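The structure appears below as structure tokens.
The values are calculated or read from the model by the stated rules, or taken from the named source; none is laboratory data. On a predicted model such as this, the values are computed, not experimentally measured, just so you know. FYI the Cβ positions are ideal-geometry reconstructions off the backbone, even for glycines, and counts take in every protein chain you see. Ligands, DNA and RNA are excluded from the accessible area calculation, which covers all protein heavy atoms including side chains. Shrake-Rupley method; radii C 1.70, N 1.55, O 1.52, S 1.80 Å.
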Amino acid sequence: MRVDYLIMLVFLLWLPFFTFAGELPTMDRLPVVSGYIRDARTGETLIGATLHIRDTNRGAVSNPYGFYSLAVNRGEVIMMFTFLGYEPVEKRLTVTSDLSMNIELEPVTSQISEVRIVGNNTQTRLDDPLMGVQKIHAATIKEIPAFMGEVDPIKVIQLMPGVQAASEGSSGFSVRGGNPDQNLVLLDEAIVYNAGHLMGFFSVFNNDAIKEVNLYKGDIPARSGGRLASLLDVRMKDGNSRKFSGTGGIGSISSRLTLEGPVFSEKTTFLASGRRTYADLFLPFSSDEAVRDNKLYFYDFNAKLNHTFSDYDRIFVSGYFGRDVFDNTYSRMEFGNKTLSVRWNHVYSPRLFSNVSFNFSNYDYLLGTNEEHTDGFRWAANMEDTGLKADFNYYPNASHSITFGAQTLFHNIMPGHVRGTGSTSMYNELRLPRNLSYEHAVYAENTQKIGSRVSLRYGMRFSLFQNVGKGTSYRFDDDYKVTDTLTYKKGDVFNTYYGFEPRAGFTYLINQKTSFKASYSRTYQYMQMASNSTGTMPLDIWFSASPNVKPQLSDQVSAGFFRHFLDGAFDVGVEAFYKNMDNAVDFKDYAELLLNERLEGELRFGRGYAYGLEFLTRFNYGRWNGWVGYTYSRSKRQADGINNDNWYLSPYDHPHDCSIVIMHNLSQRVSFAANWVYFSGSPATFPVGRFESGGSIIPIYSQRNAERLPDYHRMDLSVTLRNRERPERKWQGEWVFSTYNTYGRKNAWVINFEKQENEQYATRAMKTYLFSIVPAVTYNFKF
Amino acid sequence: MISKAYKYLLLLLAGSFLFTACEEEISLDLKSDNPRLVVDGFITTDTMAHRVRLTTSGGYFDNKPMAGVSGAVVSLSDGVETIILAESDTSPGDYFTPDDYYGKQNHLYKLAITNVAVGNKGRDEVYTAESFLNPIVKMDSITVDYLKIWKMWRVLMYGRDPKNEKNHYWFRLKINDWWYSTEYRFTSYADDTYFDGNYAEGVWLFGLNAEEEVDLKPGDRLMMECWMVDEPFYNFINGAYQETEYKSPIFSGPPANVPGNISNGALGIFAACSIHRLYTDNTKSREDFD
């Protein structure tokens, strides 16, 4: 196994030399202007900032590391650099040869602009042949009313069209009718397998440590893959290179502190961010003594260190560590994620940028009883990914921008190990065999401009998946009974899948304010979660493709119109998509998914499709900003042996889905925000009859998911009151008062059918709702 | 299912996270399916008149007992002899074996039902079921104790599971003359996946909430029935348990029809089981555990 890695490493590092050993001399090509685009106040690089040569259609965008490169004609040029929320910068240059130029943009603050329209400065790039991308900055996320005052990027993503919480309050989400495990969630390029704290009510992402969040809804660039529905790319801040600073807050359920700054010089910066909840402070108010006995909290820690050797070399080391703890007299449970990313950015030439990264991620849990009792037990599971990848951006001329690279991931899953504790334990030790696999990929993608109106993106990703020993696999008959057990020696590759994943996009600029886009993408998914509940829970484990489990496959086409109004203050888009899924995984009735060696016998395979129309208007007009989104979409599935082989609605089918988010700066010191969410109730299975057996009244069901919960809606509000800013005062504080579900709608979380107490034959339907009005107060500070 | 302990752990976990959650009744119009034949029949090792009850299914909110199905021909075979069960005069739909009938261990019992018309199926339809009567696995004893923190009386069992055979256990509890286990959700069940061949030294089988369910007093006599059941009945118990207890989007899978073993689209279960009983006399009251 280690030999594989070495070969891959050597290959990755030398790739650019093989490919670009013969860089042409500057005289034979146009000169290139390249460099980094940064925030002038903090030195943070800006991702996706645009540059544009005035009076031409030439332009470029900074990559995920803030690097840009653009070939320009010799002579005098005027370059415009823009980024939402920043003052545009115009540079007049006389270009004769390659030029390295770093740009700093000044953030727009309330002091600078009382009432203004920030023009040419929008979220959606009309000419970019990539669709279904939602980009949200940490600053925007912070403005939106938060549940219990905990600012949460995933909750904000769920307000975007085509995205929904898996169940109320969950940080699991469904994109375009897909399952929560069909989203690739990356934190600084490391995979996060369970993005939820406290049963998913809060996500693992601490907004103070985050720079921005990008969600790709199915039209995923060739550089990423492995999930059908979306890529959620979360990037941590690099750390302020200009001065030592801090942000933090004390909230209703947690406190947090982030420190960042230069180390010795601007070349090295650090960021450290921690958070700890005290949710269990509320448990003593419970009427139930058993609940009062419980301890329940989470903490997490983000850290990042980066060093700039020169404009050509930069190294980042970033990590995350988080833990949830649940403890009482009787039992204890812990779970959490760890990630580590080590990245090296290297600029080979003004036209070739590279990033090589090593990524590690781990998710584990353990639970058990504290008592030494006969049924005392201790149960642990974990999954670990180790990956290496190299990504290159090559800008051969002004019309082409090429990305290419290679990746390899090693998955190591320990699905469960349980043993009895104490000398009198009745339990045998059960250790499920490890599941080991490799996931490799190579890709190349070109974004090409043709004339002044057309842009194309065409790329191919080739993915290769291998199950490796030491391992065990089973053969099943038609009734899913095991007929044969196969074991494999360490290092044996006993099963291989591969797939070509074409990705393509097309943009036609109808005029300077309007464009038409279309795209197609195919993705394979080799890893999935063993969960048949709609929400996610900490005990869910992942399993890989195998001789019995074919990789899931999705093909998605989408098309849409996009238009900017009022100089870009309004940004309107309409997008239609159709997605077909094969080898979709579902589970048999009463599937045993935990501690089951023969998990694969519980799986049922099928297909699915989803389609929809998404409208989104983002606005940034004077003191107002926000968005209005509406989606009409459907999502259906079919699987062998489920619902009598008939098609049924995905649990994430919500035909109508509307979100309105409005933020308003009343003055420099007061701002308010509101959001309203409405969607069709989740599909549910209700009884169509009953029968009596053994004293129980047992429900009879007909079609799966044939009914719906009542429609969901709620409104959240927040008001932020800031200190008056004074130049001599370093400390700035603000109070945020918010309410979740302001008008106290009792949204159904689940409907249960039950026998009435003390009535032998009477039954009733009971609705559980999680929250009524949830007020919260948070004090935030920065210095 | 690993243990009662695990279930309580999850329950507590849910309780702690969801302590703000509330429940209220909601009015719903449910669709209705065609009525189907329902079989609820048990043959045990006890010597008695064993009952097979035939009813029809009804609408979920039909808040009345389901009518018995009369006039059926119900035959029962243990592989050696076949008998016809007699319908009760006083309780239509109840079919009984003779009073001196008992199930024999290691026999395959077959049930056949004819001459019933239910829903869109006529009298010429035949419904059959079979069940293997597994031998008794004798457990040693039961005890009770009280968990103060959860205000809960626990019933603990001692005994050995035989090695290298798949056993399915079902437990029912009676306190004095009162059956606690009146429904599947008030029973306990386990297969020996995690403890095959081991001695259970006080495995927790029942938890009785002292404030909401029953508070034991000194002198209370507890009787626990230990049933050995076959796999189809075990799966039925598991389904019936899950479909009648609380479901949540976090911990529960989608609702599903409880899998029965009656042919031809009929619902319910026919099971042949061995039973033995364990007793204990409670000597303490809650205050003794302060």
*Out of the range B:84-131, which chymotrypsin sites (Phe, Trp or Tyr not before Pro) are coil in DSSP terms and have no more than 16 other C-beta atoms within 10 Å?*
B:Y102
*With axes computed from alpha carbons, what is the tilt in degrees of helix A:2-20 against the longest principal axis of chain A, rounded to the nearest 10 within 0 to 90?*
20
*Given the rule -39500 (n - 2.57) for each run of at least 4 DSSP H residues, summed and divided by the residues of chain A, what is its mean residue ellipticity at 222 nm, to the nearest 500 deg cm²/dmol?*
-1000 deg cm²/dmol
*Along the positive direction of the dipole of the range B:48-205 (beta-carbon charges: Lys, Arg +1; Asp, Glu -1; about the Cα centre), which of B:Y127, B:Y189, B:S88 reaches farthest?*
B:Y189
_Relative contact order of the range A:31-105, pairs being alpha-carbon contacts under 8 Å that are 6 or more residues apart, as %_ = 40
*asked:* Give me the percent relative contact order of chain A, please, defined on Cα pairs under 8 angstrom at least 6 residues apart.
replied: 11
*asked:* Could you compute the net charge surrounding A:M414? Neighbours are other residues with a C-beta less than 11 Å from the C-beta of A:M414; K and R count +1, D and E count -1.
replied: 0
*At q = 0.10 Å⁻¹, work out log10 I(q)/I(0) for the protein assembly as shown with the Debye formula, treating every Cα as an identical point scatterer and leaving solvent out; two decimals please.*
-1.28
*Exposed-loop-free span, longest in chain A, where GluC sites (Glu not before Pro) count as exposed if DSSP calls them loop and at most 13 other C-beta atoms lie within 10 Å*: A:430-724
*Given charges of +1 on the Cβ of Lys and Arg and -1 on the Cβ of Asp and Glu, with all other atoms neutral, how large is the dipole of the range A:133-782 about its Cα centre, in debye to the nearest 20?*
2320
_Positive dipole terminus of the protein assembly as shown, leading residue within A:V192, A:W624, A:S544 (C-beta point charges)_ = A:W624
*Thinking of the range A:31-105 as a set of Cα atoms, what percent of all their pairs are more than 14 Å apart?*
55
*Could you pull the Cα extents of chain B along its three principal axes, largest to smallest, in whole Å?*
64, 48, 38
_As a test question: what accessible area, to the nearest 10 Å², does A:R125 have when a 1.4 Å probe is rolled over all protein chains in place?_
60
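What size of dipole, in debye to the nearest 20, comes out for the range B:37-132 about its Cα centre when the only charges are +1 on Lys and Arg C-beta atoms and -1 on Asp and Glu C-beta atoms?
Values: 7 positive and 13 negative charges, 57 e Å.
That gives the range B:37-132 a dipole magnitude of about 280 debye.
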*Using only Cα positions of the range A:187-233, each an equal point scatterer, no hydration layer, compute I(q)/I(0) via Debye at q = 0.30 Å⁻¹ and quote the log10 values to two decimals.*
-1.23
*For the range B:37-132: Kirkwood Rh in Å [reciprocal of mean 1/r, alpha carbons]*: 14.0
*Expressed as a whole percentage, what fraction of the accessible surface of the range A:31-105 belongs to carbon and sulfur atoms when a 1.4 Å probe is rolled over the protein heavy atoms?*
47
*Binned Cα-Cα distances of the range A:532-683, short to long, each 5 Å bin given as a whole percent*: 2, 8, 13, 14, 14, 12, 10, 9, 7, 5, 4, 2, 0
_Farthest toward positive dipole pole in chain B [+1 Lys/Arg, -1 Asp/Glu at C-beta], among B:V116, B:N257, B:L278_ = B:N257
*Shape box of the range A:419-514 [Cα atoms, principal axes, largest first, Å]*: 78, 31, 31
*In sequence order, what are the phi-derived ³J(HN,Hα) couplings for the range B:75-80 according to the Karplus relation 6.51 cos²θ - 1.76 cosθ + 1.60 with θ = phi - 60°, rounded to whole Hz, with x for glycine and proline?*
10, 10, 10, 9, x, 10
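Roughly how big is the range A:249-390's charge dipole about its Cα centre, with Cβ charges of +1 (Lys, Arg) and -1 (Asp, Glu), in debye to the nearest 20?
Numbers: 15 positive and 18 negative charges, 171 e Å.
The dipole magnitude comes to about 820 debye.
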_Let me check against my output: what whole-number percent is the relative contact order of the range B:22-173, with C-alpha pairs under 8 Å and at least 6 apart?_
18
*the range B:77-204 - Kirkwood radius from inverse mean 1/r over Cα pairs (Å)*: 18.6
*Suppose R0 equals 35 Å; then what is the FRET efficiency for B:N176 and B:D140 from their Cβ-Cβ distance, rounded to the nearest 0.05?*
0.95
*With Cα atoms, 0 to 90° folded angle of helix B:231-244 axis to chain B main axis*: 70
_Loop-located chymotrypsin sites (Phe, Trp or Tyr not before Pro) in the range A:185-267, at most 15 other Cβ atoms within 10 Å (DSSP)_ = A:F244, A:F264
*Quantify how strongly other chains surround peptide A:747-760 by giving the mean number of their Cβ atoms within 10 Å of each of its Cβ atoms.*
4
*List the pair-distance distribution P(r) of the range A:657-783, using every Cα-Cα distance, as the percent of pairs falling in each 10 Å bin from 0 up to the bin containing the longest distance, rounded to whole percents.*
11, 26, 22, 16, 12, 8, 4, 1
*So what's the angle, to the nearest 10 degrees on a 0 to 90 scale, between helix B:4-17 and the longest Cα principal axis of chain B?*
70
*Where in the range A:452-552 are there trypsin sites (Lys or Arg not before Pro) that are in a DSSP coil and have at most 11 other Cβ atoms within 10 angstrom of their Cβ?*
A:K481, A:K489, A:K490
*Could you give the radius of gyration (one decimal) and Dmax (whole number) of the Cα atoms in the range A:620-697, in Å?*
22.0, 69
_Counting only GluC sites (Glu not before Pro) that sit in a DSSP loop (anything but H, G, I, E, B) with at most 16 other Cβ atoms within 10 Å, what is the longest stretch of chain B containing none of them?_
B:82-164
*Calculate the mean, over all residues of peptide A:698-706, of how many other protein chain Cβ atoms lie within 10 angstrom of the residue's Cβ.*
6
